[in-house]
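Only one structure is covered here, and it is reproduced in the block below.
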Amino acid sequence: MSSVVEVSHLRKRFRLPLDKSTTLKYRVTHWRSSSRYRDLVALRDISFDIPSGQFLGIAGPNGCGKSTLLKILCKIYKADSGYARINGEFSAFLELGVGFNPELTARENIFLGGAMLGLTRAQLRNKIDEVFAFAELEDFAEQKLKNFSSGMQVRLAFSVAILAETDLLVMDEVLAVGDASFQEKCFDTFSRYKREGKTIVLVSHDLTALEEYCDRVLLLDRGEIIADGPAAEVSAAYHRRVAEHALAAERDVASQLDRGDPNQWGSRAVEFVSVTLTDGNGESSRRFDTAGPMTLDMRLLAHRDVGDIVCGMAIRRADGLMLAGTNTFLDKVTVSCRSPGQIVSIRYTIDSLPLLAGGYIVQVALEDITGTHTYDHANAAASFHINAMSGHVGVLEMHGRWQVGQDTDVPSSTAVRQTAG
Amino acid sequence: MTVAAGDRSLLEGIPRPRSVFQRNLNLVRELSITSFKLKYTGSALGYVWSLVKPLMYFGIMYLVFSILLKAGAGTTDFPVQLLVAIVAWTFFTEATSTAMNAIAGNGDLIRKAYFPRWILVVASTTSAMLTFSINTVLVIIVTFALGHLDLTWLSLLAPLYYLELLVLVLGLALLLSSLFVFFRDLGHIWEIVSLVLFYGSAVVFPFELIESHSKKLAELAGLNPIAQIITDLRHVLVQPDKIASMASLIGPLAYVPIGISVAVFILGFTVFHKLTPKFAESL
């Protein structure tokens, strides 16, 4: 099978000038200091091939070099050494709606966007009704783009972007757009591409989306490929890595509650002194097991008599999705801080964590009893990681049971027919 | 997995035209039409401005230079000469000043899409050519109405001079657009250079005025391609027997500006080609 994309020993380094000198005057007056640069290595020695018909995902944290790699693939950047070769035609949408102009009507923008993809006006004219139908914008053809809502703009842009039929499609983070129903349409389109055997490169930091569509995922970190293989394997490697980073960060920071953090606020009439996670043995830990116990210990310090307060906690996935949360008010537990200087200990015990492998964040908050005043709020007071054990997929452990019926227990359709005959 | 996928009407792709030339040409067309359109959208008069503006401009130039200052009083049909020169000059300044921003002003496109970068420069020049065509039609109508355009066999040379102007403008456009990405001072520098060229190219007075002042100065000024193009256009379009061509004014030196035009084009092309890979990272 021939390779559609060949990437060999690709290197890219950016020279970032410490002062951006774009005026002649600066050049003349600062000619001696022309060597003041900071080097940023974006890609170091990247090599891979994409065989025809493969759906490749590229993932990695921000700044890992995935966008740079994509831009070199699409000939927008030039590599310092090595090469990226595409055998055949490609169309790239690194962003939806590139080339669109808000002052033009939707119809004019389709012609312009189509031209960017290499399509002629005559070709587009035959297709334009279909484009509007797909974007669900039939009644807005002659409206100026600036009067469109952002959702409408994205729908139009996506509908134009998928118009060009090429051997290779390169897409950057386009999955994160549109409302749920339109996203489903996008996914249908990707499924069709897959059925048609097109070669696709999809870049995203949403590994879940990549897992669903990609045959193979490349994981980049600091300009290097650190994992390459089937999506599920790479996904596991990625979660391990996220947890390692979290643990490393934990060791580096003395206090869990960094007061300079913008994710924390409140008047601090009462404040958290410490937030600790402990395992079943009563030891402080950052690694837990699915269905295992976890205890959240919080110590509060009151600076004045605030009376009854509410203490809340929530667990979020690393990307911010709220998974579960509760507070003392909802659970009808009273917390009082009546004397200044008093330390109050609060413990929340979870007997069986219903979470699957991955990185999670604990959010804690102290509020007054009416819930209108925040004393102390920390979005990421602690983080923990669930070990991969069961092989179950997703976020939640279902605690379900399988039952398989036998012929004697559950009458099958044939058994029913036999008795009827 | 997705059961509904089969039933849903999907948007099928269109195979792109195989010819890369056709695709590029199409993109040039769309981009230049767009920039022309954008110039007039939102205004109450819209496209009417594309006719009103040059007419006003011609009128003012005619009033100031031909009537008040009596420039070219000795030569025939100076108003027509003025019109021919102004149309050519307007194309030159519009094309070069918009080209300056053709790359730097489209950072978004350059950072996020792949297409040959020269398309942006050619599109901005094409957009200026649209204005030029409108102006030319206006001039033809005005001068025919006045009965002053003297078309002869010699007038067939005019397209060649316009071609020379186009080559010069494209060269400068490529040069300016690519250099402006890295040196933003170029914008101001070019404004001053344009002003020097405006007076040095005998746009609003006959070239003979320079010659009558000093032969040496005329020989120097005649090397400027714009001066040569404008003078020769006047020669072939207005009155061949009364208005001297550049060759008759400065002799064989008149071929130098043609060489300069071609040289500028080659230089612009080379510089643009060299700098192209750096655009996306610098914008």
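What aspartates and glutamates sit close enough to residue B:216 to cross-link, taking a C-alpha to C-alpha distance under 14 Å and skipping anything fewer than 8 places away on the same chain?
B:208
Which distance in Å, rounded to a whole number, links the C-alpha centroids of region B:96-161 and region A:296-326?
A separation of 67 Å, based on Cα centres.
Calculate for the protein assembly as shown the 222 nm mean residue ellipticity that helices alone would give, adding -39,500 (n - 2.57) per DSSP H run of length 4 or more and normalising by residue count, nearest 500 deg cm²/dmol.
Numbers: 21 runs with 300 residues, N = 704.
After summing the helix terms and dividing by residue count, I get -14000 deg cm²/dmol.
In what sequence, largest accessible area first, do A:322, A:398, A:152 appear using a 1.4 Å probe? Spell out each step's value before the answer.
Working: A:322 95, A:398 160, A:152 30 Å².
Listed by decreasing accessible area, they come as A:398, A:322, A:152.
How crowded by other chains is A:221-233, given as the mean number of beta carbons from other chains within 10 Å of each beta carbon? Kindly include the intermediate steps, with their values, before the conclusion.
Working: counts 0, 0, 0, 0, 0, 0, 0, 0, 0, 0, 0, 0, 0.
Per-residue shielding by partner chains comes out at 0.
Rank these residues by their accessible area, most exposed first, probe 1.4 Å: A:351, A:308.
On the way: A:351 125, A:308 55 Å².
Ranked from most to least accessible, the order is A:351, A:308.
At a probe radius of 1.4 Å, figure out the A/B buried accessible area, summed over both chains, and give it in Å² to the nearest 100. Can you show the working numbers first?
Numbers: alone 23600 and 15710 Å², together 34840 Å².
So the buried area, both faces added, is about 4500 Å².
Can you work out ³J(HN,Hα) from phi for every residue in region B:259-272, in order, using Karplus 6.51 cos²θ - 1.76 cosθ + 1.60 and θ = phi - 60°, giving whole Hz and x for Gly and Pro?
Each residue's phi maps through the Karplus curve to give x, 4, 4, 5, 4, 4, 5, 5, 4, x, 4, 5, 4, 4 Hz.
Taking 30 Å² as the minimum loss, tell me which residues in region B:254-283 lose that much accessible area going from the chain by itself to the full protein complex (1.4 Å probe).
At a threshold of 30 Å² (probe 1.4 Å), the residues of region B:254-283 that become less exposed are B:277, B:280, B:281.
Can you list the residues in region B:106-123 whose accessible area drops by at least 10 Å² when all protein chains are present, compared with the chain alone? Use a 1.4 Å probe, heavy atoms only.
Residues shielded by partner chains are B:108, B:109, B:111, B:112, B:113, B:114, B:115, B:117.
Take the solvent-accessible surface of the protein heavy atoms, probe 1.4 Å, and return the percent of it on the protein assembly as shown that carbon and sulfur atoms account for.
Working: 20370 of 34840 Å².
C and S fraction of accessible area: 58 percent.
Can you send over the solvent-accessible area of residue A:3, 1.4 Å probe, protein chains only, in Å² to the nearest 10?
30 Å²
Find the accessible area per residue for the protein assembly as shown; the probe is 1.4 Å, ligands and nucleic acids are left out, and the unit is Å².
Details: 34840 Å² over 704 residues.
With all protein chains present, the protein assembly as shown gives 49 Å² per residue.
If you line up the long axis of helix B:20-40 against the longest principal axis of chain B, both from Cα atoms, how many degrees apart are they, to the nearest 10?
Long axis of B:20-40 versus the principal axis of chain B: about 70 degrees.
Under 16 Å between alpha carbons, and skipping anything fewer than 8 positions from residue B:37 in its own chain: which lysines qualify?
List returned: A:144, A:146, B:53.
Solvent-accessible area of residue B:191, probe 1.4 Å, all protein chains present, reported in Å² to the nearest ten, please.
Number for this one is 130 Å².
The values are calculated or read from the model by the stated rules, or taken from the named source; none is laboratory data. Owing to the predicted nature of the structure, the values given are computational and were not obtained by experimental measurement. As a convention, Cβ positions derive from the backbone with ideal geometry for all residues, glycine included, and neighbour counts pool all protein chains shown. What goes into the accessible areas is simple: the full protein's heavy atoms, side chains included, and nothing from ligands, DNA or RNA. Shrake-Rupley method; radii C 1.70, N 1.55, O 1.52, S 1.80 Å.
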